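The values are calculated or read from the model by the stated rules, or taken from the named source; none is laboratory data. Since the model is a prediction, treat every value here as computed from it, not as a measurement. Cβ placement follows ideal geometry from the backbone for every residue including glycine, while neighbour counts extend to all protein chains displayed.
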């Protein structure tokens, strides 16, 4: 089992990574639920697969819990979804010393975290991510949010979990498309911070979590969590270095909004966004020539389409709603080269010109 620690100014928490941790979940979560109840927020797909293991683990630890099963998909990450959780918390009389556990992918984690942050001004929160994307990225660092019709993740809070429990065996049940989406975030980590990680992704053309690649994915999860925990420890609230984790997300979130947050998955949108950001950087003379092509090759090896086929100029209105926009432009995360990222303010006129000719 790997044990990483996120060290913040006012608190710290562990990220546990290991095969079989799902069966030890009861004993791992019990210390964070003092005579209260665990509200387990999950979706219908995850609960259908792991209900019995979850129930057995918490029962052995004599931990009381209530499962709140949501429809799978991005539509649950909404004001209606958040309101529904509040109604259930009220019905359960969820106390201040209770615990809310997110058991699922990024949608469940984001929604559940915001609900935990705001119910009774904050109750305990645990992350138990079951998708590759959530395990390498969204479960760590305390960003929680829901979507509005106006854009992605516009209502949210920074709210750190008390523990993150990652069992890579849950990847065995993932559809191939979900694994590909997770690999987009893995490639992002290599692109912004680790040439070694980026290079290690190139030899494998199979994104499926077979027995052989499963062990490799466990190491990759550890590498990504280590990089993110180090960055978050230095910049918890996204004012500086943490912004680099948004590489590919500025264009990516705009693409998600344009697609209605459904046909295009988050990882797929980030793939498009990384290539667009690298292309813009090359066009501006800020990024080493050939960087966008390096990203295309890495993404392609893991079954990801790298070039967005939609109307690029139509992304501009959504970009203006990005949380990093203002003063006639947006703070864009760019690459000097693979492994080295930086923040650059780019004017909307420059972006408009690029999108018109990309």
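Among the residues of the range 107-127, those that are more than 12 Å from the chain's Cα centre (by Cα) and free of Cβ contacts under 8 Å to residues at least 40 places away in the same chain comprise 118, 119, 120, 121, 122, 123, 125.
For residue 347, the test of being surrounded by 16 or more Cβ atoms within 10 Å (Cβ to Cβ), over 24 Å from the mean Cα position of the chain (by Cα) and more than 12 Å from residue 277 (Cβ to Cβ) is failed.
Checking the structure you have, find out if any residue of the range 129-138 is in contact with a strand residue (DSSP E or B) (Cβ under 8 Å, 6 or more places away or on another chain) and farther than 21 Å from residue 54 by Cα. Checked the range 129-138: at least one residue is in contact with a strand residue (DSSP E or B) (Cβ under 8 Å, 6 or more places away or on another chain) and farther than 21 Å from residue 54 by Cα.
One residue is enough: does the range 163-179 have a residue meeting the conditions under 19 Å from residue 238 (Cα atoms), assigned by TED's automatic domain parsing to the domain that holds residue 81 and assigned to a loop (DSSP other than H, G, I, E, B)? The answer is no; no qualifying residue exists.
Scanning the range 245-267 for residues that are buried (at least 23 other Cβ atoms within 10 Å of the Cβ) and in a helix (DSSP H, G or I) yields a total of 13.
Evaluating residue 252 against the criteria (1) within 19 Å of the chain's Cα centre (by Cα); (2) more than 17 Å from residue 192 (Cβ to Cβ) leaves one unmet condition, (2). Selection of the range 1-40 for residues being under 22 Å from the mean Cα position of the chain (by Cα) and either in a helix (DSSP H, G or I) or farther than 24 Å from residue 229 by Cα (or both) yields 21, 22, 25, 29, 39, 40. Checking 326, 290, 339 one by one, the residue that is free of Cβ contacts under 8 Å to residues at least 12 places away in the same chain and under 23 Å from residue 240 (Cβ atoms) is 326 and no other.
Yes/no per residue for (1) surrounded by fewer than 19 Cβ atoms within 10 Å (Cβ to Cβ); (2) assigned by TED's automatic domain parsing to the domain that holds residue 37; (3) modelled with pLDDT of 95 or more; (4) in a helix (DSSP H, G or I):
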{"residue": "147", "(1), (2), (3), (4)": "no, yes, no, no"}
{"residue": "154", "(1), (2), (3), (4)": "yes, yes, no, no"}
{"residue": "157", "(1), (2), (3), (4)": "yes, yes, yes, no"}
{"residue": "161", "(1), (2), (3), (4)": "no, yes, yes, no"}
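Can you confirm whether residue 91 is surrounded by fewer than 24 Cβ atoms within 10 Å (Cβ to Cβ), part of a loop (DSSP other than H, G, I, E, B) and not assigned by TED's automatic domain parsing to the domain that holds residue 255? No: the conditions fail for residue 91.
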